[in-house]
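Beneath this line is the structure, given in structure tokens, with notes to follow.
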Amino acid sequence: MASIVLGIGTAHTPLLILPPQLWDDFAARDRTNPELVFPPDGYAMSFDDAVASVVPPEVRDRPRTLEVYQEQYRKTQKAMAELKASVEAAKPDVVVIVSDDQDEWFYDNNMPAFSIYWGETAPMIPRPELTTGSEIDRKLYKLVADGYCGSTRDVPVHSKLGRHLIEWLIDHDFDISHLTYTEPSYGGTVVRHAPTADGGELNLVRTTASRPVGLPHGFSFVVEQLLPNVSAPILPVIQNTCYPPNAVTPRRCYQFGGALADGIAAWPEDLRVAVIASGGLSHFVVDEEFDRDLLDALADADADRLMNLPRHRLRSATSECVNWVTLGAMMAKAELKMELLAYEPVYRTEAGTGAGLGHARWL
């Protein structure tokens with residue numbers, strides 16, 4: 001039967017791609033980002049309003065020097081190198097990647113809660129060149145784009161395992177969606193929802209023009225950064241973490257992870273399986289308290305805490321943390337133990353915007 005031999009959780013932020021001397025340049029866009037959601041209450045508000053009303057002094061005054069950034073970059077790059085080496089040493093027969101889609105393959109005309117892609121291959125397609133904006137904007141865009149996908153190619157997919165897991169999940173009370181091919185181009189509209197402090201709701205409409213799109217960035221990051229020397233096929237498992245009203249919950253993700261692990265164990269042939277959760281931790285505003293609570297619960301394999309993570313702390317892109325919840329359930333079933341390689345909360349502005357950079361493995 002198949003066995004899970006390795007688990008990995010990693011952030012996939014551009015901060016892991018850009019050199020630290022460019023972090024301040026990248027942070028400039030935070031000041032006009034309309035999707036900022038601030039802890040501890042999870043309300044959407046503007047950068048300036050948050051600095052004036054909810055950002056604590058210890059965050060506003062936190063050192064944001066190049067020296068601080070360089071040390072954080074050093075630690076996270078060391079962790080990424082260890083994760084890459086761990087996958088290579090595990091010699092997996094398949095790499096299951098659990099991540100999410102953000103305005104890539106799915107829009108409000110079709111937003112499944114859980115999906116598995118089980119085509120024979122999945123495309124890697126570089127992002128189109130940016131031709132507008134300042135010189136530094138174009139430089140940042142190019143570096144980030146290459147970090148997520150540097151060349152056009154097809155990545156093999158373990159189609160047979162994908163079908164097996166879909167049928168297993170259907171038989172075990174999960175109404176899983178599925179994909180076997182991609183379209184020539186994708187585009188559409190998504191509404192970003194988040195509550196505001198006055199009892200209202202942010203309803204931000206984002207429209208993306210149709211363009212060729214390969215594997216969503218949470219998956220292509222893993223292929224590009226962790227699997228360049230791994231020939232094993234992948235299996236993309238897609239969770240709707242970001243978009244209410246059917247965004248997945250921590251409880252359902254934990255149940256889903258357990259069912260995935262059981263389905264893998266039920267595969268009748270010998271198969272070495274690595275599982276990688278891609279995304280998070282907190283961003284676009286750092287919620288260090290939440291990140292550390294999540295990492296502690298994962299280290300303790302505490303199912304109750306993982307299933308009951310406060311959902312108001314899981315708004316905006318911090319919602320990607322539930323990819324780690326799914327992974328945690330799978331690792332508990334496999335009886336693998338977590339080792340935290342790095343956690344670096346990168347506060348890149350006085351509003352606390354940035355990202356919690358988490359990297360862990362289960363052996």
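No lab work stands behind these numbers, since they all come straight from the coordinates. Note that this is a predicted model, so its numbers are computed, not measured. As a convention, Cβ positions derive from the backbone with ideal geometry for all residues, glycine included, and neighbour counts pool all protein chains shown.
Brief remarks follow.
- GNM flexibility winner over the chain from H158, H283, H12 (Cα, springs under 10 Å): H158
- Between A197, A44, A27, the residue with the greatest mean-square fluctuation in the GNM of the chain (Cα pairs under 10 Å linked by springs) is A197.
- GluC sites (Glu not before Pro) restricted to the range 256-363 and DSSP loop, no more than 10 other C-beta within 10 Å: E269, E335
- Using the Cβ-Cβ distance between E135 and V68 with R0 set to 22 Å, the FRET efficiency from 1/(1 + (r/R0)^6) comes to roughly 0.25.
- In the chain, lysine pairs with alpha-carbon atoms under 21 angstrom apart (chain gap of 8 or more, or interchain): 7
- Coarse-grained scattering of the range 118-162 at q = 0.25 Å⁻¹, given as base-10 log I(q)/I(0) from a Debye sum over alpha-carbon atoms: -0.83
- Extent along principal axes [Cα atoms of the range 121-269; Å; largest to smallest]: 55, 48, 26
- Max mean-square fluctuation residue, GNM over the chain, Cα-Cα springs under 10 Å, options G328, G218, G199: G199
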